[in-house]
Amino acid sequence: MAKPLIEKIQSPEYTGEDRCLACTVVNLVIALAISLVASRRSKRVSAAVFTAATVLIYLRGYIIPGTPTLTKQYLPAAVLEWFGKDPKPPSQTGLGAVNSYETGNRSGTSKAATNSQANETADGIPEKNSEDATDIDTIDEINPETLLLENNILVPCEQQDDLCLDEDFRQRWQAMIAEVNDNELSASDAVNIFGLEDVAEYNIKTFDDGQVLEADGRRVGQWPSETALVADIAAARIATNDISNWERLSPNAKGQSLNALRLFLETCPTGNGDVELDTETVESCCQSYDVVAARCAETGDRLFEHPVDDIPSA
């Protein structure tokens, strides 16, 4: 009885890692003020009021209706940063798309992932330095476009001056997506194919339409839809054989490559509908901001999103 009630009251979008600390602090101050007023009549009533308010703030993130909306509209970005919140958190673009303040060090990323003495080879992956090879066994810094071009996954388009997916790769990717869809998606699938270290308890959770991969409760990746996650897992399975040195890439570098791949989808991975670009407003715990989103025209599944303000002007 209690659990369903708690789940009904709870607001995941304003609690846990998404908690708006500014809202929490403001509401705790208000709860304290109300309890002090109540203490004039009875200390028991005061304690009960403060306890109830604290429980609600814990479950919902606030007790005063509209607090998150008011925070998004009127609280300056500098104030949000005082509470450890990036005013523009990363979009749900895939593996590794999480700020450091939320996750600490990303799971599965080697501390020796980069080396300033390494030279980038034609395939977009730094070559090993013979004098210090152990420092570069895992690569975190790559050029996704170069990597995909040199491995013939991206090729010049026939009808326009642009890059397109290689037709053979596209067909195999679609077939692999169908195969992944035919089986129940699990966190272990993502852990194995992305090369994450199996030293944590991984879970895939759904928030609205998005998919979040957690390691011991901390986010290591977030996708705007299950379709986007399925597309990444399918592409990673093919990349194991198609991309040279794929196993040397850190999970973060693999995530960059897979994110880039999704940008070149012209049809929805799970159907025949077109992929269209549009702008929309994304709500974070503390602010609202506009993003350019790629979505399946027929189903509405989002495949990619990027903050409008971060797109370089011509």
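The protection proxy used here, the mean number of other Cβ atoms lying within 10 Å of each residue, ranks peptides 201-208, 137-144, 58-65 as follows, highest first: 137-144, 58-65, 201-208. Compared with the alpha-carbon gap, the fully stretched path from Leu277 to Asp182 is longer by 31.4 nm at 0.36 nm per residue. Ranked by the mean number of other Cβ atoms within 10 Å of their residues, highest first, the peptides 23-34, 156-167 fall in the order 23-34, 156-167. Taking the Cα centre of segment 155-249 as origin and assigning +1 to Lys and Arg Cβ atoms and -1 to Asp and Glu Cβ atoms, the resulting dipole is close to 220 debye. Here segment 217-260 has an Rg and Dmax of 10.9, 33 Å, counting Cα atoms alone.
Coordinate-derived values only; no laboratory data. Please read these numbers as outputs of a predicted model, since none were measured by experiment. Virtual Cβ from ideal backbone geometry, glycine too; neighbours counted across all protein chains shown.
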